[in-house]
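A short reminder: the numbers here are calculations on the coordinates, not readings from a lab. In this text, all values refer to a predicted model and were calculated from it rather than measured experimentally. Counting neighbours? That spans all protein chains shown, and the Cβs are built from the backbone with ideal geometry, glycine included.
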Amino acid sequence: MATKNKTSAPSDFEDLKKEISHRYESLSRRLRDIARFALDNPSIIALETIANIARTAKVQPSALIRFAQALGYSGFSEMQRVFQAYVAEQSASYKERIRSEMARDELSDTGSPPSLLSQFCEANIVSLKHLEEGIEAGDLEQAIRLLREANHIYIMAQRRSFPVANYLQYMLSHTDCRSHVLDGYGGMLKEQAQCMARDDLLIAISYYPYAEDTVEIVDMAQEKGIPCIGISDSDLSPVCKAATTHFRIHDAEVHQFRSLSATMVVAQVLATSLAFENKKND
């Protein structure tokens with residue numbers, strides 16, 4: 001049995017991500033939490049001891065071992081080597097780790113305005129660099145094609161993501177497309193969403209813990225066959241899993257306050273790219 005597990009276990013990170021996504025719904029709640037943590041923090045999985053990983057992820061080391069075995073590995077160390085190979089290829093990951101350590105050192109200094117300014121700027125620089133290196137050109141091209149083909153564009157976001165929805169709608173309004181924010185004004189969210197048709201497009205933005213209304217609207221779009229662009233923090237988020245194409249974004253976080261810089265950049269790129277495409281095809 002051990003030999004079978006070993007030969008069937010994913011040998012590279014991309015295959016590992018696909019296997020996690022494939023098995024995600026069948027995993028226990030604890031193992032799903034570990035799956036999210038592992039994909040969102042590959043450097044921690046690759047570089048830390050199992051005891052430190054367990055402490056950071058707030059699970060028992062035995063749960064990490066069970067997670068690895070559920071994916072076909074003989075143990076945690078075998079799975080960790082896949083993460084190590086991936087991180088070794090991503091030089092930015094090491095830079096991010098170093099910068100994160102520097103940011104933590106600064107945090108222990110003072111909470112003075114100049115120090116906070118430095119911390120937020122540094123954290124956003126790392127986040128934006130990670131964004132630039134992590135987004136595939138094919139995903140952007142598919143997103144722009146969906147935008148161009150849409151009759152109406154509906155944007156759904158709540159809580160801290162809501163400002164992005166309004167900003168994106170403002171930018172899209174300058175591209176001569178028909179765009180709408182599903183704001184649920186007057187408790188009419190479901191009624192607004194019912195206006196979506198198969199030749200429209202939904203852009204859904206949500207970060208953990210995912211807004212229930214946003215997930216519900218994404219599911220509604222999927223049931224009606226409406227294409228969706230998802231913007232979220234994990235490939236395993238309900239927004240990304242149900243989307244036609246998606247962008248996984250890790251916005252900067254300092255003192256538990258999360259930035260929207262990277263998300264805003266994606267919004268700018270989508271709207272500006274659409275404007276250029278429209279001009280080119282006029």
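Values for this structure:
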quantity	calculated
Hydrodynamic radius by Kirkwood, which averages 1/r over all alpha carbon pairs of the chain, in angstrom	20.4
Distance between the range 212-277 and the range 137-189 - C-alpha centres, whole angstrom	10
Helix 61-70 axis, angle to the chain major axis (alpha carbon atoms, nearest 10°)	70
Amide H partners (placed H, <5 Å) of Tyr154, local residues excluded	His180, Leu201, Leu202, Ile203
Rg over Rh [alpha-carbon atoms, Kirkwood Rh] for the range 117-201	1.06
Crossing angle, helix 212-223 versus the chain [Cα axis fit, 0-90 degrees, rounded to tens]	70
Using alpha-carbon coordinates, inclination of helix 76-89 to the longest axis of the chain, degrees	60
Counting all C-alpha pairs of the range 2-89, share separated by more than 15 Å (%)	53
Cβ-Cβ FRET estimate between Glu78 and Ala197, R0 fixed at 41 Å, reported to 0.05	0.25
Theoretical ellipticity at 222 nm over the chain - DSSP helices of four or more residues, -39500 (n - 2.57) apiece, nearest 500	-19000 deg cm²/dmol
Average projected area [Cα convex hull, the range 164-282], square nanometres	8.0
Flagged links, alpha-carbon separation over 20 Å, of Lys224/Lys279; Lys224/Lys280; Lys17/Lys241	Lys224/Lys279; Lys224/Lys280
Difference of contour (0.36 nm per residue) and Cα-Cα distance, Val269 to Thr49	75.3 nm
